[in-house]
Amino acid sequence: MGMTRPTPQTLAEIEQQWEELLTLADSLPQHLTTPADPDPAPPPITAPAPQRSRKSIFNQFALYGLAGEAVRTLAPHTEAQPEAILLQLLAAFGNILGPGPHCMVGATRHTLNLFVVLVGESSKARKGTSWNQISSLFAEVDPTWAENRVTSARLTARGLLGIMGQTAGDRRLLVLAEELASVLHTMGRSRSQLSPLLRCAWDSATLRMLDRDRLVQASGGHLSLIGHITQRELAESLHRTEAHNGFANRCLWACVERIQCLPDGGNVDPQELSAIARGLKHAVEWAQGQSGILFRRDPAASELWNDYYAHLSQARSGLRGAATGRGEAQVLRISALYAALDCSSIIQLPHLQAALALWDYCYDSAANLFGICSGDSVADRILEALQAAENGLTRKQIRDLFHGHVSSSSIDQALEKLRSIGVAWSRCVAGSRRPTTLWSAIDYELAERTQEETAEPEESSGEPN
């Protein structure tokens with residue numbers, strides 16, 4: 001059974017639909033959104049799925065081309081979210097392409113490897129189910145890669161260097177970390193060198209590690225990561241150091257949940273699956289048949305990129321900012337993957353539009369996962385208490401939260417930090433003897449608007465050529 005592709009839309013048609021969908025998303029009432037079921041004992045970090053009002057934008061733009069056809073074919077036969085299917089498909093496709101295809105931002109070379117993290121309840125989010133569909137699909141595209149270059153083995157610094165440091169052979173590697181919490185625990189150890197190695201691998205830089213008395217290094221590898229983790233595990237395992245040192249913002253975060261119930265499982269038409277596999281194989285052969293493809297944007301995509309660049313590169317505070325600080329690089333890689341699926345070295349408007357829609361979902365997920373936490377343990381504890389106190393807290397009540405174990409100066413610094421990022425405010429109220437300062441939390445949506453209005457865009461390191 002052959003595949004038919006829709007007639008490409010004009011720039012004016014796409015822009016009009018985008019505006020209409022955004023207007024619809026903003027106008028939907030709050031009660032139409034469906035948060036995830038609350039955990040009986042919620043961890044400090046909670047992750048309801050992003051608002052359903054954004055779903056129409058995702059369906060319209062992110063499910064573009066061959067990737068969209070694959071998701072629409074697989075989705076009716078799995079309980080997993082389309083977002084999980086799409087992200088893992090792009091991660092697998094980006095790895096199978098290898099280190100040749102790339103984009104340039106100034107002197108920085110961006111290959112198309114992705115780090116994807118799916119966050120949801122252990123068995124209910126169907127994270128593994130979504131990967132099983134992708135695994136079966138790519139087994140038809142490249143059986144050798146699927147058999148030898150995908151591993152769920154425990155990730156260690158020595159093991160990573162051993163594979164990436166091979167002097168000959170295939171150095172592509174897709175790590176499927178279905179227990180990402182154990183990887184994060186390893187990264188959090190004081191002497192672990194796994195975190196800097198993973199960050200260098202995302203950058204496609206040379207991996208270096210001191211192994212006792214000798215320097216071990218590897219270059220030319222191509223590493224992709226798909227991680228599965230629960231909300232509670234993420235709250236307990238992701239150390240603040242890892243959130244702020246650049247690992248978190250190299251990941252695409254996605255809140256996922258089961259969206260339908262299939263008692264007998266799914267049954268994809270083998271002919272439809274083979275048709276998609278043939279399309280993917282054609283795209284892989286196109287990319288691998290050329291030497292070092294350099295992706296560039298056409299004028300229409302460049303115009304949209306210029307409009308969105310300041311927003312993508314905007315500095316944001318707290319853990320949310322730390323987890324989304326590479327928005328422009330992530331969108332660049334995703335847009336190039338959509339172009340590669342079309343066998344095009346030119347990133348066109350639909351490719352960038354699709355990448356922005358997918359990034360919006362990942363950004364919303366990260367915002368729900370990491371919220372507007374300050375990244376400071378004292379400040380976060382105060383903020384948690386302020387959010388629970390309907391009438392606010394006095395300075396003495398805040399001090400009592402720590403039972404005398406935190407100094408007044410540290411509390412003052414934490415309160416000032418919360419005020420500076422727009423999540424808490426203070427006012428004077430009449431007391432029995434003298435006025436009292438009362439601290440209260442600021443509404444989340446108001447805080448987010450404050451941060452985005454006051455944050456300055458980061459300096460551009462150069463626009464992709």
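Just a few scattered comments:
- Residue check, L160 closer than 27 Å to Y363 by Cβ and open to solvent by less than 40 Å² (accessible area, probe 1.4 Å): no
- Only a single item in (1) of a type in the set (G, A, S); (2) touching a strand residue (DSSP E or B) at 6+ places or on another chain (Cβ under 8 Å); (3) under 17 Å from Q353 (Cβ atoms) is not met by G65, and it is number (2).
- Any hit, the range 256-275, residues being touching a helix residue (DSSP H, G or I) at 6+ places or on another chain (Cβ under 9 Å), under 28 Å from L198 (Cβ atoms), of a type in the set (D, E, K, R) and modelled with pLDDT under 90: no
- Pair list, Cβ < 6 Å and 6+ apart or interchain, from the range 272-297 residues that are surrounded by fewer than 15 Cβ atoms within 10 Å (Cβ to Cβ) to residues that are part of a loop (DSSP other than H, G, I, E, B): G292/G100
- Condition check for G318: in contact (Cβ under 8 Å) with a residue 60 or more places away in the chain, among the small types (G, A, S) and open to solvent by 30 Å² or more (accessible area, probe 1.4 Å): no
- Test result for T78, surrounded by fewer than 22 Cβ atoms within 10 Å (Cβ to Cβ) and over 21 Å from the mean Cα position of the chain (by Cα): no
- Which numbered condition L194 fails, given (1) in contact with a Ser or Thr (Cβ under 9 Å, 6 or more places away or on another chain); (2) under 24 Å from C362 (Cα atoms): (2)
- Residues in the range 38-80 that are modelled with pLDDT of 90 or more, in a loop (DSSP other than H, G, I, E, B) and of a type outside the set (A, V, I, L, M, F, W, C): Y64 only.
- Residue among Y363, Y338 that is at pLDDT 90 or above, open to solvent by 10 Å² or more (accessible area, probe 1.4 Å) and assigned to a helix (DSSP H, G or I): Y363
- Test: residue in the range 433-451 that is open to solvent by less than 80 Å² (accessible area, probe 1.4 Å), over 30 Å from A310 (Cα atoms) and modelled with pLDDT under 85: no
The values are calculated or read from the model by the stated rules, or taken from the named source; none is laboratory data. If you're wondering where the values come from, they're calculated on a predicted model, not measured in any experiment. Cβ coordinates were reconstructed from backbone atoms using ideal geometry, including for glycine residues, and neighbour counts include every protein chain displayed. Please note that ligands, DNA and RNA were not included when accessible areas were found on the heavy atoms of the full protein model with its side chains. Shrake-Rupley method; radii C 1.70, N 1.55, O 1.52, S 1.80 Å.
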